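Q: Let me begin by handing over the structure; questions about it come next.
The values are calculated or read from the model by the stated rules, or taken from the named source; none is laboratory data. Computed from a predicted model, the values in this text were never measured in an experiment. Reconstructed Cβ throughout: ideal geometry from the backbone, glycine too, with neighbour counts over all protein chains shown.
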Amino acid sequence: MSTEPVNIAIVLPRGMHFGPDRATAIDLCVRDFVAHSRYRSTTTVIGEALADPFQEITFQGVSRETGESQQRFARKLADRAKDFLPDLVVIHQHLPSAVTIRKAFPDRPVLLHKHNTPKIGGGFIKKQLDRWRYDSFDHLIFVSDFSREKFLGNLPGMGPKSSTVHNGLDLTSWTPAEKRDNTLLFAGRAVPDKGALEAAQAVAAVLAEQEDWRTRFIMSTLAADETYIDRIKTALAPLGDRAEICFDQPHSTVQEAFETAAITLVPSLFEEPFGRTAIEAMAGGSALITSGRGGLRETTTDVAFRIDPSKKSDFAGALSQLMKDASLRGRLAQAGARRVQECFSIQALSARLDSLYEDVRSRHRTTRP
């Protein structure tokens, strides 16, 4: 383990909000990793300026002008990162911005931390361009083996310069309620990929006959379509005040919901790269129903009730079964809690990420001309 001070610049190029009121899953991931890093005191997070950033992390906000292009903003982020003379730079998610920022640090190791499964071009020229872009980084980090293996299937040969580091949670900050509310919880973005409408339709069908249960939908409006949100509201309208719908809540509110709800729904229709919502549900002590698609299968293994959300009757039937079987809910909740403890502790995962940073920096020093 290295004891040498290392200045690390972590750059959040696009679509982030590094603060408690509207943090994305990526923002939360970065906050948690930095908070538990042995390089916390020498790490600076750089992103779009906001009024109330996370207080426990050193953050530098860069103002973005109305109408400013993403490439120009990326150059501004790179200029700010240079001010801190970083020994290592980590850029999250947005590949075009990351390529621009990477060019500003020709003599420093630069890593790209991907939170989705990259879509590699189908044609020869596009695929070669993608290979060149990804190969320009010293190392690539993926949030699941699922995403990494999909990437390597399209761009073979990049295995040695890529790794999987799962997202994690500080489980000491979670306090699951022993007595659970009879609540069906959906927490996620109000977009079709997340299966929010399918969840609303299944919940409405089941709760029509289960009057001692209620539902709570906590949705982010990031990239949401108002028409789609209206369809969710319409589906839940027959439940009246037994259906609570709220938007863009602070993460503390979402965490409290996971800690008290009896059942959480993660019915993603697409192949999730990881599924942070799933591990938060398990950490909160909620029994989990999920589609198991993509990284969700890796995240939840056999500790969740798996359904096909596109089959409405099957989805509703699974809900009804789990609502009626308190013993099954308890077993799933206990199994989920064990899995989070064993596999998704932020302390262990942050230590792994620190070691990866050290290894990349060491190799960069060795191979640098």
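Q: Could you figure out which of (1) surrounded by fewer than 19 Cβ atoms within 10 Å (Cβ to Cβ); (2) in a helix (DSSP H, G or I); (3) touching a residue at least 12 places away in the same chain (Cβ under 8 Å) isn't true of Phe151?
A: Failing condition for Phe151: (1).
Q: Related question: Somewhere in the range 217-232, is a residue under 29 Å from the mean Cα position of the chain (by Cα) and closer than 13 Å to Leu184 by Cβ? Before you say what the answer is, go through the steps one by one.
A: To start, the set of residues in the range 217-232 that are under 29 Å from the mean Cα position of the chain (by Cα) comprises 217-232.
Now drop any that are not closer than 13 Å to Leu184 by Cβ, which leaves 217-218.
So far as the range 217-232 goes, yes, one or more of its residues are under 29 Å from the mean Cα position of the chain (by Cα) and closer than 13 Å to Leu184 by Cβ.
Q: Another one. Under 9 Å between Cβ atoms, which residue pairs at least 6 apart in sequence (or on different chains) link something in the range 291-303 that is on the phi < 0 side of the Ramachandran plot with a partner that is at pLDDT below 95 and of a type in the set (D, E, K, R)?
A: No pair meets every condition.
Q: If I filter the range 115-128 for residues that are in contact with a Gly (Cβ under 9 Å, 6 or more places away or on another chain) and part of a helix (DSSP H, G or I), do I get at least one hit?
A: Yes: the range 115-128 contains one or more residues that are in contact with a Gly (Cβ under 9 Å, 6 or more places away or on another chain) and part of a helix (DSSP H, G or I).
Q: Does Thr264 satisfy being in contact with a helix residue (DSSP H, G or I) (Cβ under 9 Å, 6 or more places away or on another chain), of a type in the set (S, T, N, Q), part of a helix (DSSP H, G or I) and crowded, with 24+ Cβ neighbours inside 10 Å? Lay out the reasoning, then the answer.
A: On the way: in contact with a helix residue (DSSP H, G or I) (Cβ under 9 Å, 6 or more places away or on another chain): yes; of a type in the set (S, T, N, Q): yes; part of a helix (DSSP H, G or I): no; crowded, with 24+ Cβ neighbours inside 10 Å: yes.
Criteria not met by Thr264.
Residues checked against (1) within 22 Å of Val206 (Cα to Cα); (2) within 19 Å of the chain's Cα centre (by Cα); (3) surrounded by fewer than 23 Cβ atoms within 10 Å (Cβ to Cβ):
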{"residue": "Thr290", "(1), (2), (3)": "yes, yes, no"}
{"residue": "Gly317", "(1), (2), (3)": "yes, no, yes"}
{"residue": "Ala348", "(1), (2), (3)": "no, yes, yes"}
{"residue": "Ser362", "(1), (2), (3)": "no, no, yes"}
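Q: Still on this structure, please answer the following. When you scan the range 254-280, how many residues do you find that are under 17 Å from the mean Cα position of the chain (by Cα) and over 16 Å from Leu332 (Cβ atoms)?
A: Here is the first cut: in the range 254-280, the ones under 17 Å from the mean Cα position of the chain (by Cα) are 254-255, 258, 264-280.
Pick out the ones that are also over 16 Å from Leu332 (Cβ atoms) and you get 254-255, 268-274, 276.
Of the residues in that region, 10 qualify.
Q: Regarding the range 204-224, can at least one residue be identified that is in contact with a strand residue (DSSP E or B) (Cβ under 7 Å, 6 or more places away or on another chain), among the β-branched types (Val, Ile, Thr) and part of a loop (DSSP other than H, G, I, E, B)?
A: Looking through the range 204-224, at least one residue is in contact with a strand residue (DSSP E or B) (Cβ under 7 Å, 6 or more places away or on another chain), among the β-branched types (Val, Ile, Thr) and part of a loop (DSSP other than H, G, I, E, B).
Q: Would you confirm whether or not the range 173-195 contains a residue that is crowded, with 18+ Cβ neighbours inside 10 Å, over 25 Å from the mean Cα position of the chain (by Cα), assigned by TED's automatic domain parsing to the domain that holds Thr234 and in a loop (DSSP other than H, G, I, E, B)? Show your work before the answer.
A: Here is the first cut: in the range 173-195, the residues crowded, with 18+ Cβ neighbours inside 10 Å are 180, 183-188, 190-191, 194-195.
Now drop any that are not over 25 Å from the mean Cα position of the chain (by Cα), which leaves 180.
Those still in the list that are assigned by TED's automatic domain parsing to the domain that holds Thr234 too: 180.
Retained after the next criterion (residues that are in a loop (DSSP other than H, G, I, E, B)): 180.
There is at least one residue in the range 173-195 that is crowded, with 18+ Cβ neighbours inside 10 Å, over 25 Å from the mean Cα position of the chain (by Cα), assigned by TED's automatic domain parsing to the domain that holds Thr234 and in a loop (DSSP other than H, G, I, E, B).
Q: From the list Glu256, Glu244, which one is closer than 16 Å to Phe217 by Cβ, of a type in the set (D, E, K, R) and outside any helix (DSSP H, G or I)?
A: On the way: Glu256 fails: outside any helix (DSSP H, G or I).
Only one candidate passes the filter, namely Glu244.
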